[in-house]
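Here's the structure we're looking at; comments come further down.
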Amino acid sequence: MKKLTEQESKWYALYTRARAEKKLYTLLTQKKVDCFLPLKNTLVQRSDRKKWVQLPLLPSYLFVKVSEQERYTVLNTPGAVRYVSFEGKAVSIPEKQLIALQQMIQNNGENVEADYGKFDKGDIVEVREGPLRGIQGEVVQIRGKQRLLLRFDSLGYVVHVEASMVELQSVMYIAV
């Protein structure tokens with residue numbers, strides 16, 4: 001495989017087969033592909049003991065830094081499914097985001113958690129990041145796996161805003 005300059009290669013998120021992240025990482029590393037598999041140490045209960053194991057922080061995801069030509073070589077590797085894409089085109093990921101993820105894992109060890117936030121239409125959520133922090137709203141529409149459309153009645157108006165699931169947390173009401 002021809003080695004390319006840093007400018008020609010970009011980072012992409014790659015979907016993997018279930019539980020194939022480590023094997024795919026090994027195969028791609030052997031092919032001299034620059035890749036990143038975020039792992040976290042997790043204490044698991046076996047039938048006879050507890051054991052620390054390294055599990056993927058983001059199940060079924062692996063990050064690869066490849067050129068346009070190398071993208072197809074990666075897809076032809078056993079365990080690779082497809083690239084994360086938008087409108088049919090693989091979406092590159094800024095390198096600074098992956099560096100930040102690496103630093104979080106190195107500095108926080110087993111305290112790092114990745115939550116996919118599962119919300120349903122009608123759920124009441126609170127914004128925990130950004131300029132609308134602290135405001136509660138209702139999930140009106142789910143747009144794909146990462147975006148929600150919210151209605152904020154607490155502002156005195158019915159305002160619709162699109163928000164990422166990462167910015168939200170579920171609000172639980174206890175009936176008295």
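Read-outs: derived from the displayed coordinates by stated rules, not from any lab. For clarity, every value in this text was computed on a predicted model and none was experimentally measured. Neighbour counts run over all protein chains shown; Cβ positions are idealised from the backbone, glycine included.
List the pairs from LYS50/LYS121; LYS96/LYS121; LYS22/LYS96; LYS51/LYS121; LYS10/LYS51 whose alpha-carbon separation is above 30 Å, in the order I gave them. Write out the running numbers ahead of the final one.
Details: LYS50/LYS121 39 Å; LYS96/LYS121 33 Å; LYS22/LYS96 23 Å; LYS51/LYS121 39 Å; LYS10/LYS51 37 Å.
Going by Cα-Cα distance, LYS50/LYS121; LYS96/LYS121; LYS51/LYS121; LYS10/LYS51 fall outside the 30 Å limit.
Which shape class applies to region 29-85: rounded if a/c is under 1.5, otherwise prolate when a/b exceeds b/c and oblate if not, where a ≥ b ≥ c are the square roots of the Cα gyration tensor eigenvalues? Judged from the Cα gyration tensor, region 29-85 comes out prolate (a/c at least 1.5, a/b above b/c). Length gained on full extension, LYS51 to THR26: 6.7 nm, using 0.36 nm per residue less the C-alpha separation. Put simply, the amide H of SER67, placed in the peptide plane, has neighbours under 5 Å in LYS10, leaving out anything fewer than 5 places away on its chain. In this rough spin-label picture, where each label sits 7 Å from Cα along the Cβ direction, the ASN107-LEU75 distance is 3.7 nm. Placing +1 on each Lys and Arg Cβ and -1 on each Asp and Glu Cβ, with no other charges, gives region 36-109 a dipole about its Cα centre of roughly 400 debye.
Given R₀ = 22 Å, what would the calculated FRET efficiency be for GLU68 paired with ALA18, taking r from the Cβ atoms and rounding to 0.05? Present the calculation step by step, with values, prior to reporting the outcome.
Working: r = 28 Å, r/R0 = 1.26.
My answer for the efficiency is 0.20.
Each residue of region 84-101 is assigned a 3J(HN,Hα), and the resulting list reads 5, 9, 10, 6, x, 10, 4, 9, 7, 10, x, 4, 4, 5, 6, 5, 4, 5 Hz, derived from the Karplus form 6.51 cos²θ - 1.76 cosθ + 1.60 (θ = phi - 60°), x at Gly and Pro.
With each label modelled as a point 7 angstrom along the Cα→C-beta vector, the LYS89-ARG133 pair spans 3.4 nm.
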